[in-house]
Amino acid sequence: MPYHRRGRQNFAHQLARTAKRELPLRSSDPRAVAYHEAGHAVVGLRLGLELLGTDVLSDDTGGRGHTRFASPGAWFRPRPGHLTARERDFVDRTIVTYLAGHAAESRLGVADAAGSGFDENDVLQSWVSLLSDVDEEQLAAITLSRQNATSMLEEPGVWRAVGIVAGRLEVARRLDAEEVRSLTRLTGQPATDR
């Protein structure tokens with residue numbers, strides 16, 4: 001999906017360069033993909049997003065895994081730059097959830113910036129652009145959200161939950177929401193949607 005505003009491609013390139021400088025680059029492997037998707041699933045659940053399911057199945061667009069969340073509902077009608085407090089909260093939680101995939105790979109030590117590029121491009125186009133159309137403000141929002149995702153994963157119970165979900169995902173290749181919630185409960189982590 002191309003950027004519609006002038007200058008967005010350069011900004012996306014700047015984000016990618018920033019990510020590459022901060023993260024060790026290694027080739028992707030099935031375990032990294034499982035941790036990536038488990039990062040999205042566990043953090044999204046923890047932040048109250050309604051998880052539908054996750055998988056480590058390739059698709060015809062080059063995707064190696066997918067984590068799906070329910071639409072927020074009819075109440076969510078954001079106007080870029082003019083969000084209600086409820087809409088802003090949902091957008092913030094969604095951005096952190098998107099960035100938790102790459103943060104989980106990084107914590108595992110096998111970050112693949114190229115594989116996570118879709119997440120960063122999509123979060124910029126679909127979510128961060130709702131917060132602001134100023135590049136510096138968007139970069140600040142992504143940086144803060146990346147830090148929040150990383151901090152969440154540093155919590156021992158959350159990281160254990162990601163490991164358990166990733167391990168099961170590697171074997172089963174697809175998990176529905178209830179399976180992820182059940183696995184997350186094994187670590188004592190809250191696994192309820194808001």
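The values are calculated or read from the model by the stated rules, or taken from the named source; none is laboratory data. Bear in mind that the values here come from a model prediction, so they are computed numbers and not experimental data. Every residue, glycine as well, gets a Cβ built from its backbone with ideal geometry; the counts of neighbours run over all protein chains shown. All accessible areas refer to the heavy atoms of the entire protein, side chains included, with ligands and DNA or RNA removed. Shrake-Rupley method; radii C 1.70, N 1.55, O 1.52, S 1.80 Å.
Sorting the segments 35-41, 138-144, 93-99 by their mean number of nearby beta carbons within 10 angstrom, highest to lowest, gives 35-41, 93-99, 138-144. Percent of Cα pairs in segment 70-153 per distance bin of 5 Å, from zero to the largest separation: 3, 15, 25, 25, 17, 10, 4, 1. For segment 51-108, the solvent-accessible area works out to 50 Å² per residue, with a probe of 1.4 Å and every protein chain left in place. The packing ranking, built from the mean of other Cβ atoms within 10 Å per residue, places the peptides 47-58, 100-111 in the order 100-111, 47-58, highest first. When each of the peptides 78-84, 154-160 is scored by the mean number of other C-beta atoms lying within 10 Å of its residues, the order from highest to lowest reads 154-160, 78-84. Over all pairs of different C-alpha atoms, segment 27-116 has a mean inverse distance whose reciprocal, the Kirkwood radius, equals 13.9 Å. Structural descriptor for segment 85-172: relative contact order 36 percent, calculated from alpha carbon pairs under 8 angstrom and at least 6 residues apart.
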